[in-house]
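Reading through the structure tokens given below for one structure.
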There are 2 protein chains.
Amino acid sequence: MTNAEERIRKELIQRFGDAYKSFGLNKLMGHVVALLIYAPEPLSLTDIAKALGRSKGPVSQILRRLRDHKLVRKAWSPEDNRKDFYEIEPEIFENAFRNNLELIKNNTRLAGQLKEKVASAKKVNKMDVLFNRMVEMETFYKLMEKHHRNFLSEWISERNKMIKN
Amino acid sequence: MTNAEERIRKELIQRFGDAYKSFGLNKLMGHVVALLIYAPEPLSLTDIAKALGRSKGPVSQILRRLRDHKLVRKAWSPEDNRKDFYEIEPEIFENAFRNNLELIKNNTRLAGQLKEKVASAKKVNKMDVLFNRMVEMETFYKLMEKHHRNFLSEWISERNKMIKN
DNA sequence: TTTAACGTTTGAAAAATTCCAAACGGTCAT
DNA sequence: ATGACCGTTTGGAATTTTTCAAACGTTAAA
């Protein structure tokens with residue numbers, strides 16, 4: 001591996017770690033994702049642990065979470081090999097976005113529920129300000145959901161074009 | 001305060017804490033935001049600390065962060081009062097979204113930088129796969145930025161309509 | 001000049017998260 | 001069967017984050 005490549009690899013891993021952490025995720029998740037994005041071919045658990053200077057334990061757990069979130073998947077490996085190999089999920093960006101969309105939907109649901117509850121409590125007492133705020137919140141997230149869906153379909157068609165080339 | 005109101009207040013605080021945590025933020029941030037969304041009038045540092053059963057220290061620091069992020073602001077308070085009062089920033093949702101947009105932009109920038117670096121390393125060695133992935137990543141975040149901007153302007157006009165009523 | 005009422009900072013404690021080494025269970029080759 | 005090689009699970013250690021109590025600086029009244 002050339003020096004230039006090695007530098008890029010290091011930076012990729014470092015920056016993805018930071019980015020993941022800034023989104024409230026585990027830094028190691030970002031490291032693994034970066035490593036797999038970088039790697040031209042699938043890597044085994046041991047490869048990954050060694051490359052990141054970690055033990056198998058946490059890497060195994062992180063791989064589980066990454067597969068749950070559909071950011072990473074098991075690669076096919078020859079029948080005579082008992083080792084598992086991992087690679088980046090080709091739709092990693094789309095899937096990451098879908099995960100985020102779930103969080104948005106949680107908020108829409110939360111706002112709706114709270115709005116209803118406030119509405120019934122309003123009979124008893126003046127809670128108009130709070131009610132309006134819940135309405136605003138629900139409107140906000142509903143609109144956000146709409147835009148996210150638009151984005152998703154536009155991205156999918158955009159990506160299909162990219163793949164063709 | 002009626003029982004119904006009290007239950008709603010508790011739930012609001014609890015759920016906002018969870019939501020903030022799920023976005024990688026401090027739970028207490030969510031609690032404070034919920035409390036201020038609930039409160040019909042501004043609250044002092046001591047009010048907030050007492051209502052949440054915390055000491056002034058962490059609440060003071062959280063309020064600082066919330067003001068940095070423009071989710072909370074100091075309310076006007078009479079000249080003869082040395083106490084500070086805090087209230088929800090009226091544009092809290094818009095601002096929260098703007099903060100998120102900054103993270104997106106970081107990712108766009110990151111992808112662009114890495115793409116460039118890979119491009120120059122490519123002369124030396126075959127890194128086509130990695131280059132294509134960086135291109136995909138950059139495309140993804142650029143498209144996302146575009147949609148986020150669209151959302152923002154639509155939300156602002158939507159909200160203006162809400163305020164008029 | 002003191003005293004009192006604030007918000008902030010700070011150093012250490014408490015809690016939560018991350019991490020490892022070792023144990024474990026499963027599968028295949030011998 | 002036995003041993004070798006996997007990935008996962010687990011208990012506790014290490015690290016990071018959150019929290020508090022106390023000290024501090026500032027401001028205004030006494």
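The values are calculated or read from the model by the stated rules, or taken from the named source; none is laboratory data. The model shown is predicted, which means the values in this text are computed figures rather than measured ones. We place every Cβ from the backbone using ideal geometry, glycine too, and count neighbours over all the protein chains shown. Keep in mind that these areas ignore ligands, DNA and RNA; they rest on the heavy atoms of the full protein, side chains included. Shrake-Rupley method; radii C 1.70, N 1.55, O 1.52, S 1.80 Å.
Structure above, values below:
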quantity	calculated
Backbone HN-Hα couplings from phi across the stretch B:143-153 [Karplus 6.51/-1.76/1.60, Hz, Gly and Pro as x]	4, 4, 4, 4, 5, 5, 5, 4, 4, 4, 5
At least 50 Å² accessible surface lost relative to isolated chain, residues of the stretch A:101-115 (1.4 Å probe)	A:LEU103, A:LEU110, A:LEU114
Under 5 Å, built H, 5+ apart or other chain: amide partners of B:ALA75	B:PHE85, B:TYR86, B:GLU87
Rg/Rg_ref, the stretch B:92-164, where Rg_ref = 2.2 N^0.38 Å and atoms are Cα	1.53
Protein accessible area in chain A, 1.4 Å probe - carbon and sulfur %	49 percent
Where GluC sites (Glu not before Pro) in DSSP loops with at most 16 other Cβ within 10 Å are excluded, longest remaining stretch of chain B	B:1-78
Between helix A:27-38 and chain A: long-axis angle, C-alpha atoms, 0 to 90°, nearest 10	50 degrees
Stokes-Einstein diffusion coefficient of the protein assembly as shown, Kirkwood radius over Cα pairs, 10 °C, 1.306 mPa s, in µm²/s	71 µm²/s
Out-of-range pairs (alpha-carbon distance over 20 Å; input A:LYS21/B:LYS146; A:LYS10/B:LYS115; B:LYS27/B:LYS50; B:LYS70/B:LYS161; B:LYS105/B:LYS142)	A:LYS21/B:LYS146; B:LYS70/B:LYS161
Mean separation of Cα contacts under 8 Å (6+ apart) over length of the stretch A:57-165, as relative contact order %	21 percent
For the stretch B:92-164: accessible area per residue (Å², 1.4 Å)	51 Å²
Chymotrypsin sites (Phe, Trp or Tyr not before Pro) restricted to DSSP loop in the stretch A:1-102 with at most 14 other C-beta within 10 Å	A:TRP76
Cβ charges +1 (Lys, Arg) and -1 (Asp, Glu), total dipole of chain B, debye	700 debye
In the A-B interface, the accessible area buried, summed over both sides, Å² (probe 1.4 Å)	5000 Å²
The stretch A:86-165: trypsin sites (Lys or Arg not before Pro) in DSSP coil with no more than 12 other Cβ atoms inside 10 Å	A:LYS123, A:LYS126
q = 0.18, 0.20 Å⁻¹, chain B: log10 I(q)/I(0) [Debye, one scatterer per Cα]	-1.13, -1.26
Pair-distance profile P(r), taking every C-alpha pair of the stretch A:3-88, with 5 angstrom steps and integer %	3, 15, 26, 27, 17, 8, 3, 1, 0
Normalised contact order of the stretch A:3-88, rounded percent, pairs of Cα under 8 Å and 6 or more residues apart	25 percent
Gaussian network model of chain A, springs between alpha carbon atoms under 10 Å - residue of A:SER60, A:SER153, A:SER44 with greatest fluctuation	A:SER153
For the stretch A:1-21, residues shielded by at least 50 square angstrom of accessible area compared with the chain on its own, probe 1.4 Å	A:GLU5, A:ILE8, A:GLU11, A:ARG15
Phi-based couplings in Hz for the stretch A:91-96 (Karplus 6.51, -1.76, 1.60; Gly and Pro marked x)	8, 4, 5, 4, 5, 4
In the stretch B:1-88, trypsin sites (Lys or Arg not before Pro) in a DSSP loop with at most 11 other beta-carbon atoms within 10 Å	B:ARG82, B:LYS83
Total charge dipole magnitude, the protein assembly as shown, about the Cα centre, Cβ charges on Lys, Arg, Asp, Glu only, Debye to nearest 20	400 debye
For residues of B:24-32, the mean tally of beta carbons on other chains within 10 Å	1
